[in-house]
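Novice: A single structure is presented below for examination.
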2 protein chains.
Amino acid sequence: MDLEKIIRDVPDFPKQGIVFKDITTLLQAGDAFRQALNRMMKKYLDEDAGIDKVVGIEARGFIFGGVLAYKLGCGFVPARKPGKLPYRSVREEYTLEYGSNALEVHEDSIRPGERVLVVDDLLATGGTALAAARLVEKLGGEVAGIEFLVELSFLHGRDRLSAYRVHSLITY
Amino acid sequence: MDLEKIIRDVPDFPKQGIVFKDITTLLQAGDAFRQALNRMMKKYLDEDAGIDKVVGIEARGFIFGGVLAYKLGCGFVPARKPGKLPYRSVREEYTLEYGSNALEVHEDSIRPGERVLVVDDLLATGGTALAAARLVEKLGGEVAGIEFLVELSFLHGRDRLSAYRVHSLITY
């Protein structure tokens, strides 16, 4: 199955001149959704990689991260926009393609020494994923890998994540 | 396993006087997360319920909805806050415990006659889930059930959803 063909191009979203890669067409196609997830998790299942936590980045990273945590039999940690988490949190600022923001995780969500997978739908400039990786490290965790469905290679986000093991299923 | 005990009370969030049910402590405990999901999906797997789509409500509904769609072998549809979806969408306004808002789904996300499961983490006043159910019906789908992890029964959200088959794992 050619997953790339199932993703829809939406011109001028979120602003003029940007061609948005709309993954909802893949999500809503049950076979494609399942195959994408199976391919994302395969190496971790094969390796028996000892993943303790999956961090999913708000909001689309929750869709993929939840399934990976379920299948790997480990806990799921939501990395959220500021003010969304109810308990004491750690924060990391970042810049992204369309502005700047911050991510937070609960301070007790990851224990020192835990092996953590970071999951999001899209690798663009890499700022969001880098912030998530740094949050893992702030709490003493080890980033075992960073998984994306889609990578926009012309934005060179992978360069910013060169300290980590980065995989993406579909590259434009 | 007593899932109820794993959920954390956070007083005065998001505002003074509210005791917030923090499900992140359940998410991050791999065994509890897995058991909660298995219990949510069991009847649909047992019944061979013929679910065509799972609608997950932004943002925490994505975590549970993604896994249910994966395990039921069907497509996943994100119901999102206004302005987040890139393609042509239908919208439904609703009021909720802490204000008012709207939900949107893509107009091609559900086909007429499809059987759809709506999933969210929390049933409070029921406004959000009712909006999601109405979006399904606007597109000609049939709401086969509405699944929640937690129900705050003292807010009587179930009354507003009386037209539907509603389940929750944990009731306060």
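Novice: Roughly how crowded by other chains is peptide B:128-139, in terms of the mean Cβ count from those chains within 10 Å of each of its Cβ atoms?
Specialist: For peptide B:128-139, the averaged partner shielding equals 0.
Novice: Write down the percent of antiparallel bridges among all DSSP beta bridges whose residues are both part of chain A, to the nearest 5. Kindly include the intermediate steps, with their values, before the conclusion.
Specialist: Values: 13 of 35 bridges.
In chain A, approximately 35 percent of DSSP beta bridges are antiparallel ones.
Novice: Dividing the alpha-carbon radius of gyration of chain A by 2.2 N^0.38 Å (N being the number of residues), what value is obtained?
Specialist: 0.99
Novice: Taking a probe of 1.4 Å and counting only protein heavy atoms, give the total accessible area buried between chains B and A in Å², rounded to the nearest 100. Intermediate values should be presented prior to the final figure.
Specialist: On the way: alone 8500 and 8510 Å², together 13740 Å².
Interface area, both chains combined: 3300 Å², rounded to the nearest 100.
Novice: Quote the charge dipole size of segment A:40-171 about the Cα centre in Debye, to the nearest 20; the model charges only the Cβ of Lys and Arg (+1) and of Asp and Glu (-1).
Specialist: Numbers: 17 positive and 19 negative charges, 36 e Å.
Result for segment A:40-171 is approximately 180 debye, rounded to the nearest 20.
Novice: Can you give the Rg and Dmax of segment B:1-87 based on its C-alpha atoms, in angstrom?
Specialist: That works out to 15.3, 45 Å for Rg and Dmax.
Novice: What lysines does B:Lys81 reach when the alpha-carbon gap must be under 22 Å and sequence neighbours fewer than 8 apart in one chain are set aside?
Specialist: By straight Cα distance, B:Lys81 reaches A:Lys15, A:Lys21, A:Lys81, A:Lys84, B:Lys15, B:Lys21, B:Lys53, B:Lys138.
Novice: Related question: Taking the Cα centre of the protein assembly as shown as origin and charging only Cβ (+1 Lys, Arg; -1 Asp, Glu), how large is the dipole, in debye to the nearest 20?
Specialist: 120 debye
Novice: To continue, here is another question. Count neighbours as other Cβ atoms within 10 Å of each site's Cβ, and list the trypsin sites (Lys or Arg not before Pro) in segment B:43-152 that are DSSP loop with at most 10 such neighbours.
Specialist: In loop regions of segment B:43-152 (DSSP not H, G, I, E or B), the sparsely surrounded trypsin sites (Lys or Arg not before Pro) are B:Arg88.
Novice: Rounded to a whole number, what % of the accessible area of segment A:1-99 do carbon and sulfur atoms account for, probe 1.4 Å?
Specialist: 46 percent
Novice: On to the next question. Using the Cα centre of the protein assembly as shown as origin and beta-carbon charges of +1 (Lys, Arg) and -1 (Asp, Glu), tell me which of B:Gly61, B:Val116, B:Tyr94 is placed farthest towards the positive end of the dipole.
Specialist: B:Tyr94
Novice: Would you work out which of B:Met41, B:Val143, A:Gln35 lies farthest towards the positive end of the dipole of the protein assembly as shown? Charges go on Cβ: Lys and Arg +1, Asp and Glu -1.
Specialist: With unit charges placed on the Cβ atoms, the residue in question is B:Val143.
Novice: Follow-up question, since we're still on this one. Can you list the HN-Hα couplings for segment A:79-87, worked out from phi with the Karplus curve (6.51, -1.76, 1.60; θ = phi - 60°), rounded to whole Hz and with x for Gly and Pro?
Specialist: 9, 10, 5, x, x, 8, 8, x, 9
Novice: Once Rh for the protein assembly as shown is found with the Kirkwood sum over Cα pairs, what is the Stokes-Einstein diffusion coefficient at 4 °C and 1.567 mPa s, in µm²/s?
Specialist: 64 µm²/s
Novice: To continue, here is another question. Quick one: Cα centre-to-centre distance for segment B:59-118 and segment B:18-38, in angstrom?
Specialist: 21 Å
Novice: I would also like to ask the following. Choose one of A:Thr25, A:Leu85, A:Pro14: the residue whose Cα lies farthest towards the positive end of the charge dipole of chain A (beta-carbon charges +1 Lys, Arg; -1 Asp, Glu; about the Cα centre).
Specialist: A:Leu85
Novice: Sticking to Cα atoms, compute the Rg of segment B:77-159 to one decimal and its Dmax as the biggest Cα-Cα distance, whole number, in Å.
Specialist: In order Rg, Dmax, the Cα atoms of segment B:77-159 give 12.5, 38 Å.
Novice: Still on this structure, I have one more. Can you give the charge dipole size of segment B:23-76 about its Cα centre, rounded to the nearest 20 debye, using +1 on the beta carbon of Lys and Arg and -1 on the beta carbon of Asp and Glu?
Specialist: The calculation lands at about 140 debye.
Novice: Taking 51 Å as R0, compute the FRET efficiency from the Cβ-Cβ separation of B:Lys84 and B:Asp2 and round it to 0.05.
Specialist: 0.90
Novice: I need the Debye-formula profile for segment B:82-125: one equal scatterer per C-alpha, no solvent, reported as log10 I(q)/I(0) at q = 0.27 1/Å, two decimals.
Specialist: -1.11
The values are calculated or read from the model by the stated rules, or taken from the named source; none is laboratory data. No experiment lies behind these values; they were computed from the predicted model shown. Methodologically, a virtual Cβ is constructed for each residue, glycine included, from the backbone with ideal geometry; neighbour enumeration extends over all protein chains shown. The accessibility values were calculated without ligands, DNA or RNA, using every heavy atom of the protein model including side chains. Shrake-Rupley method; radii C 1.70, N 1.55, O 1.52, S 1.80 Å.
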